[in-house]
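All remarks here apply to the structure that follows.
The values are calculated or read from the model by the stated rules, or taken from the named source; none is laboratory data. Keep in mind that what you see is a predicted model, and the values were worked out from it rather than measured. Counting neighbours? That spans all protein chains shown, and the Cβs are built from the backbone with ideal geometry, glycine included. What goes into the accessible areas is simple: the full protein's heavy atoms, side chains included, and nothing from ligands, DNA or RNA. Shrake-Rupley method; radii C 1.70, N 1.55, O 1.52, S 1.80 Å.
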Amino acid sequence: QHQTTARRVDRSVRLSATAQVAVEPLAEDAVAYEKQDYAVVELGGSQVIVEVGGVYDTNRIDAEPGSTIKLNRVLLVKNQGSGDLQLGKPYVESATVEAEVVQHKKAKKVVVFKMQPKKHTRSKRGHRQHQTTIKVTKITA
């Protein structure tokens, strides 16, 4: 006779091994997260919610890395300080978003595999989309 022994995992040991960190409570006038102004921009055929300082990937833009571009297809602008919300029809006329081009790169590879059953026909191709990384520097309404 052959006996097998099952390994048991003691979950209580694993849970008690986690580090306990004391977190100081916030002062009464302190803010846990400062809400920023944001805008919804039409970028590369899709709508993107952008904030100042945010880094975003989009389809390739004809601009040199380090240059500044203006995005004028702004659909919505929210000012957190005054609580103002400007909604465009379809675009907000006076609003622009300034961004700095960080780099050009390629996205992850997408494998395109085509096959016809019973015909012994197969083709496998890879595709990498060209992208531009931008960093938003200013939102004006």
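For the stretch 59-78, which positions are part of a strand (DSSP E or B) and open to solvent by less than 60 Å² (accessible area, probe 1.4 Å)?
Residues of the stretch 59-78 part of a strand (DSSP E or B): 59, 68-71, 74-78.
Selection gives Ile69, Leu71, Val74, Leu75, Leu76, Val77, Lys78.
Give me the residue from the stretch 113-141 that is of a type in the set (A, V, I, L, M, F, W, C) and within 30 Å of Gln80 (Cα to Cα) and, out of that set, surrounded by the most Cβ atoms within 10 Å (Cβ to Cβ).
In this case the residue turns out to be Ile134.
Is it the case that Glu51 is within 15 Å of Lys138 (Cα to Cα), without any contact (Cβ under 8 Å) to a residue 40 or more places away in the chain and under 17 Å from the mean Cα position of the chain (by Cα)?
no
Please state which of the following conditions Val110 fails to meet, knowing it meets all the rest: (1) open to solvent by less than 80 Å² (accessible area, probe 1.4 Å); (2) more than 15 Å from Lys138 (Cβ to Cβ); (3) of a type in the set (A, V, I, L, M).
(1)
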